[in-house]
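Below is one structure, written out as structure tokens; comments come after it.
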Amino acid sequence: MKFISTRGQAPAASLSQALSAGLAPDGGLYVPERQSLATPWFSGGASLVQVAETLLAPFFAGDALDSRLSDIVRRAFTFEAPLTRVGRGTDTHLLELFHGPTAAFKDFGARFLAECLSALRQPGQGVTTILVATSGDTGAAVASAFHRRPGFRVVILYPHGRVSPRQAHGLECFGDNVSTLRISGTFDDCQALVKRALGDATLASELRLSSANSISLGRLLPQMTYFANAAHQFHQSNQRPLNLCVPTGNLGNALAALLARQLGAPIGDVVLASNANRVLPDFFAGQPYRAAPTVATVANAMDVGAPSNFERLQWLYPDERDLRQRVRAFSVSDVEIRATVRHTFETHGVVVCPHTATGVHVVNQLRAAGDTRPWAVAATAHPAKFETVVEPLIGRPVEVPAVLAAALARPASAQHLAPDFAQFVRVLRG
Ligand SMILES: *Cc1c(COP(=O)(O)O)cnc(C)c1O
């Protein structure tokens, strides 16, 4: 299969080329050629790994990585994504995406991308430096996926004082080939440093700079597999499609759900849950698409004012009226998020993270309006990562999963840096 740019001004690329490049040369995002999606091909499988192989095989067909797909999937997906019911007698479920090494769904994409980039390395190539600007979960997932991986170095930039203490520890606890820079500035300052470095041709080739941000095809493709797997297993036992509610920021996870449905997975409705950042809910309510400044919320991994995958959504459903009929989106306030975290615990004994709570709230609203169909909410992170929000609401400590406890037990260290490009370059050159 070939991949084209959403902006249509770049040559078609092979999978390997699209994975290595990240962004297409015309500034667009790589997507599969349209004709390759015309006939849905998904037919199921007995496990997450098997579903991943059947679903992803056509994307790998004809590429240098074709013969490596099975290995890549087996090494990347070493943990499950179980579907668990929220309370007795309801048909509301959580698709638990937080059983990876950094306890958020970003582990699936980061580990898959790392395996692909490792498989693409030629013997004797110099070390590749992966730059990641992060406001939380992405940085830890990418660092973990590349930690001690031969041929790679990771440099994480995160905004000082803008992530929770536990998130900060999770970004600083790697060492070895991972360096963490704590920038005295905002997330946008971090991103600006990364973009400037990647855009500096001399520096980029000297240090073999690369990025691992959410627009990479290597993160989008693997994210389809847990939605397809959950819907397939559910359909096997219930003969009904599974409807999905996806907490959304940059639209990467939700887009993967829509693409999985397009490829034939038995997925019913897909509904997006946003926090107070209302760009998508406003668009789906009929307003023109308009990026907006970011609003800070308690679901901080979804604080996005210009969802970077929107171009892919427009590519998937080019007709705007059709698009508005195929997807719905709702905005959930901080007050509603907090109430849902508390209520879900008090009613069902289930603790959810603030991001997951946006989805649970949306499904509760649908239920109140009479919807009795089966719904699964993508549980995007483990609540223990957001203990400062969650614990006061439920009135008790959140049990910390073993992987997070191990990370918290390791020493943390970061280099403090002003948002200054010359200083950043000095650190990169080491
Ligand atoms: C990244 C993230 C999201 C948002 O996912 P997108 O793919 O950016 O829409 C939601 N919840 C958590 C916990 C995240 O880390």
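The values are calculated or read from the model by the stated rules, or taken from the named source; none is laboratory data. Remember, it's a predicted structure, so these values are computed and weren't measured experimentally. A quick note on method: Cβ atoms are made from the backbone with ideal geometry, for glycine too, and the neighbour counts reach across all protein chains shown.
Values as computed for the structure displayed
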{"read-out": "Of the criteria (1) on the phi < 0 side of the Ramachandran plot; (2) more than 9 Å from the ligand (Cβ to nearest atom); (3) assigned to a loop (DSSP other than H, G, I, E, B), which one residue 258 fails", "value": "(3)"}
{"read-out": "Selection status of residue 410, more than 30 Å from residue 155 (Cβ to Cβ) and either away from the ligand (no atom under 14 Å from the Cβ) or modelled with pLDDT of 95 or more (or both)", "value": "no"}
{"read-out": "Candidates 335, 363, 304, 327, filtered to the one that is over 15 Å from residue 86 (Cβ atoms) and more than 15 Å from the ligand (Cβ to nearest atom)", "value": "335"}
{"read-out": "Residues of the stretch 203-241 classified as touching a Ser or Thr at 6+ places or on another chain (Cβ under 7 Å) and within 16 Å of the ligand (Cβ to nearest atom), total", "value": "2"}
{"read-out": "Residue within the stretch 2-19 that is surrounded by fewer than 17 Cβ atoms within 10 Å (Cβ to Cβ) and in contact with a helix residue (DSSP H, G or I) (Cβ under 7 Å, 6 or more places away or on another chain) present", "value": "no"}
{"read-out": "Filter result for residue 167 (touching a Gly at 6+ places or on another chain (Cβ under 7 Å) and closer than 23 Å to residue 403 by Cα)", "value": "yes"}
{"read-out": "Complete set of residues in the stretch 71-129 that are of a type in the set (A, V, I, L, M), surrounded by fewer than 24 Cβ atoms within 10 Å (Cβ to Cβ) and either under 22 Å from residue 377 (Cβ atoms) or more than 18 Å from the chain's Cα centre (by Cα) (or both)", "value": "81, 83, 86, 94, 119, 120, 127"}
{"read-out": "Only listed residue being more than 18 Å from residue 255 (Cβ to Cβ) and not small (Gly, Ala, Ser), chosen from 342, 328", "value": "342"}
{"read-out": "Among the residues listed as 197, 133, 204, the single one being under 24 Å from residue 419 (Cα atoms), out of contact with any Lys or Arg (no Cβ under 6 Å at 6 or more places or on another chain) and without any contact (Cβ under 8 Å) to a residue 24 or more places away in the chain", "value": "204"}
{"read-out": "Qualifying residue in the stretch 242-252 (condition: more than 9 Å from the ligand (Cβ to nearest atom) and in a helix (DSSP H, G or I))", "value": "no"}
{"read-out": "All positions within the stretch 285-313 that are in contact with a helix residue (DSSP H, G or I) (Cβ under 7 Å, 6 or more places away or on another chain) and either of a type in the set (Ser, Thr, Tyr) or in contact (Cβ under 8 Å) with a residue 40 or more places away in the chain (or both)", "value": "289, 297, 298, 299, 301, 302, 307, 309, 312, 313"}
{"read-out": "Residue 59 among the aromatic types (Phe, Trp, Tyr), farther than 18 Å from residue 212 by Cα and within 14 Å of the ligand (Cβ to nearest atom)", "value": "no"}
{"read-out": "Filtered residues of the stretch 80-116 (kept if within 16 Å of the ligand (Cβ to nearest atom) and either without any contact (Cβ under 8 Å) to a residue 12 or more places away in the chain or farther than 21 Å from residue 254 by Cα (or both))", "value": "101"}
{"read-out": "All positions within the stretch 55-70 that are assigned to a helix (DSSP H, G or I) and buried (at least 18 other Cβ atoms within 10 Å of the Cβ)", "value": "55, 56, 59, 60, 69"}
{"read-out": "Strands (runs of 3 or more DSSP E) contained in the stretch 311-430 and holding at least 1 residues surrounded by fewer than 22 Cβ atoms within 10 Å (Cβ to Cβ) and in contact with a strand residue (DSSP E or B) (Cβ under 7 Å, 6 or more places away or on another chain)", "value": "327-331, 415-417"}
{"read-out": "Filtered residues of the stretch 199-219 (kept if in contact with a strand residue (DSSP E or B) (Cβ under 9 Å, 6 or more places away or on another chain) and either within 13 Å of residue 114 (Cα to Cα) or crowded, with 24+ Cβ neighbours inside 10 Å (or both))", "value": "210, 211, 212, 213, 216, 217"}
{"read-out": "Counted residues, the stretch 324-349 - those being touching a helix residue (DSSP H, G or I) at 6+ places or on another chain (Cβ under 7 Å) and either of a type outside the set (Ser, Thr, Tyr) or within 27 Å of residue 33 (Cβ to Cβ) (or both)", "value": "12"}
{"read-out": "Subset tally (residues that are in contact (Cβ under 8 Å) with a residue 40 or more places away in the chain and within 17 Å of residue 37 (Cβ to Cβ)) for the stretch 2-19", "value": "4"}
{"read-out": "Test: residue in the stretch 30-37 that is under 26 Å from residue 241 (Cα atoms), touching a residue at least 60 places away in the same chain (Cβ under 8 Å) and of a type in the set (S, T, N, Q)", "value": "no"}
{"read-out": "Answer residue from the stretch 287-301, given it is in a loop (DSSP other than H, G, I, E, B) and under 19 Å from residue 247 (Cβ atoms) and is nearest to the ligand (Cβ to nearest atom) among those", "value": "299"}
